[in-house]
Structure formats: C-alpha cells, structure tokens
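First, the structure itself, so that you have it in front of you.
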C-alpha cells in the first residue's frame, strides 16, 4: 500500500483544527467522528498500528463514559465520567500529535518551521524534542527486554508487587538514559550548526501538493459540521 506524505505545515494546521474542534465539540458523537477521521488519516499516512490502537483506547474511554452514566451513581459516576470526559477531550489532539511526530523527520519539520519564519528559540527546542522522543522509546524497549530476564515487569502490577526493584531496575536506568540522551542530542545539534542564523537548506523539498489540499479540506469540512 502506498502511503500519502503531507507537508509538515499541513499536519500542524490539522492539529490546530483538531484542537479547536474538540474545544467546541457539541457532542460525544462529534468527538468520536473526529477520532475516526484522524484514524483514517493515520492509516493513510503510514501509521496504521498506532492509529488503530489509539482508536481502540478511545473506544474504551467512550464505553467507560456510557457505562458510568447508565449503571453508576453518586461519587463513582462523577469520578468515572469526569475522568473519561477529561481524557476524551485531549485524546484527538494527542492522537494527531503522535501521527505528526511519527511521520515527520526532524529535518523536514525544521525546514517547515523555517519556511514559516518561526523564531530560532522555538525551532531549536522543538527539533531537539522530535529527535529525543524516538531515541527514548528505543532505550525503553532495551530496558524492558533486559529486565524481563530478571522477572521485572514495567507495569502497575509489577510496581505494586516489587516497588523498590521496579524503580531500581527500570525507572532509574530510564531517567539516567534520558538525561544522558538530552545532553548528547543537544551537543549534536549545536555541532551541526542548529544555532547558525543563516538560512538552512534541506535535501528533501518542502512544498504543498494536491493531497495536502484534500487533507486540509476534509478536516476543515468536518470542523464546520459542528455548526450545522
């Protein structure tokens, strides 16, 4: 299957539309429809596994809200309903943000921000963050695999069962790796001239095309349905 590749500026625009749409959302059905549109976009953009998993999690939250309204009462109903509503309001933006990060290379994103004339004090930390997240995910996978040999699981059950061992063997190494990784990425970025005030070039050309227009029109069209 050939995936679509949209301009990073289009993804930022779509993320902004999602944030505004979820703010003025008239109903749960509207929020669910927005998640479905993001799901389709994620699948077409080359992140099918991530998009489907996130959609399933959202479905679980939606089911929790419905069950709470019908079968619970009093403090429990308020607690579960508030929790599901709060997470549900953030979920579309988190889902879209994950697709943006997962389908955009740091160099592309930096070139797009430069084309938008974003100040350097914004471009630099955002670019470092985009390089930082995948490397931390990779280290997290290595730590989990090595700790399985010692029968230590990075889960709530493992934390309750063996709190001191879980923190010592999993979370402490992760924090140390995160700190070291931040220093290394910052040093690498400075070495490559990220603070150079001159305009930067990019091997991959950043430009809008037909699929960017289609994606933007679809999301704007869905956003406008909130006023119907």
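The values are calculated or read from the model by the stated rules, or taken from the named source; none is laboratory data. This one's a predicted model, so the numbers in the text were calculated from it and none came from an experiment. Ideal geometry is used to build each Cβ from the backbone, glycine not excepted, and the neighbour counts take in all protein chains shown.
Residue-wise test of (1) modelled with pLDDT of 75 or more; (2) part of a loop (DSSP other than H, G, I, E, B).
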residue: 135; (1), (2): yes, no
residue: 168; (1), (2): no, no
residue: 171; (1), (2): no, no
residue: 179; (1), (2): yes, no
residue: 186; (1), (2): no, no
residue: 200; (1), (2): no, yes
residue: 211; (1), (2): yes, no
residue: 217; (1), (2): yes, no
residue: 222; (1), (2): yes, no
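Next up: Do we have residue 123 as in a helix (DSSP H, G or I), within 30 Å of residue 3 (Cα to Cα) and modelled with pLDDT of 85 or more here?
For residue 123, the condition - in a helix (DSSP H, G or I), within 30 Å of residue 3 (Cα to Cα) and modelled with pLDDT of 85 or more - is not met.
Can you tell me which of (1) assigned to a helix (DSSP H, G or I); (2) outside the structural domain of residue 46 (by TED's automatic domain parsing); (3) out of contact with any helix residue (DSSP H, G or I) (no Cβ under 6 Å at 6 or more places or on another chain) is the one residue 113 doesn't meet?
For residue 113, the exception is condition (3).
Sticking with this one: Looking at segment 25-45 only, could you name the residues that are assigned to a loop (DSSP other than H, G, I, E, B) and at pLDDT below 90?
Passing the criteria: 25, 26, 27.
Next up: Scan segment 119-151 residue by residue and report those that are more than 19 Å from residue 97 (Cβ to Cβ), without any contact (Cβ under 8 Å) to a residue 40 or more places away in the chain and touching a helix residue (DSSP H, G or I) at 6+ places or on another chain (Cβ under 7 Å).
143, 147, 150
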